[in-house]
Amino acid sequence: MKILVAVDGSSFTKRMLAYLAAHDEWLGPQHQYTLLTAVAAVPPRAAAVIDKATLKSYYEEGSEKVFKPIRSFFGKQGIKADYTSKVGPAADVIAEMATKGGYDLVMMGSHGHGTLTNLVLGSVATKVLAHCGTPVLLIR
């Protein structure tokens, strides 16, 4: 199975990784994993005055900060994974990559807010579910 694992480095990502470790059916060499993190874009006016190398370095450092402990986790499990970072709103980045990449499943941690909070604030998980035709496994 081709699995897109959306990560942000939060405690919800750690909870999702613990879930993976506890469920052999999801974690194993029979699956192909791509770890994805979305880095928030620097506002256009600020980006216009920053040189491209500095901006690129900023995005790379942000994504590597998220990926470092996850690389360690997957390494300890003996699982190979691809790591991808994209710049933009997390929900849009996740849904687009899932659709265009032909993934069988999207896995992501969720804050588990109630319906009222999602109605008022929105949620990355809710937006991914709304914009993604790929099945999504939310882990709370």
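Read-outs: derived from the displayed coordinates by stated rules, not from any lab. These figures come from a predicted structure and were not determined experimentally. Neighbour counts run over all protein chains shown; Cβ positions are idealised from the backbone, glycine included.
Which order do the peptides 70-81, 125-136 take when ranked by the mean count of other beta-carbon atoms within 10 Å per residue, highest first?
Order by mean packing, descending: 125-136, 70-81.
Report, in listed order, any pair from Lys52/Lys86; Lys65/Lys86; Lys14/Lys52 with a Cα-Cα distance greater than 22 Å.
From the list (Lys52/Lys86; Lys65/Lys86; Lys14/Lys52), the Cα-Cα distance tops 22 Å for Lys14/Lys52.
What number, rounded to the nearest 500 deg cm²/dmol, is the helix-based mean residue ellipticity at 222 nm of the chain, given -39500 (n - 2.57) per DSSP H run of at least four residues and division by all its residues?
-15500 deg cm²/dmol
Helices from the chain with mean Kyte-Doolittle at least -1.0 and a Cα length along the axis of 24 Å or more, per DSSP H: which?
Values: long enough: 52-77 (37 Å, -0.90).
Qualifying helices: 52-77.
Evaluate the charge dipole of the range 60-102 about its Cα centre and quote only its size in Debye, nearest 20, assuming +1 on the Cβ of each Lys and Arg and -1 on the Cβ of each Asp and Glu.
Details: 7 positive and 6 negative charges, 54 e Å.
Here the size comes out at about 260 debye.
How high is the relative contact order of the chain, in percent, counting Cα pairs under 8 Å that sit 6 or more residues apart?
It rounds to 35 percent for the chain.
Given 0.36 nm per residue, what is the gain on full extension from His31 to Lys2 after removing their alpha carbon distance, in nm?
That pair, His31 and Lys2, stretches by 9.8 nm at full extension.
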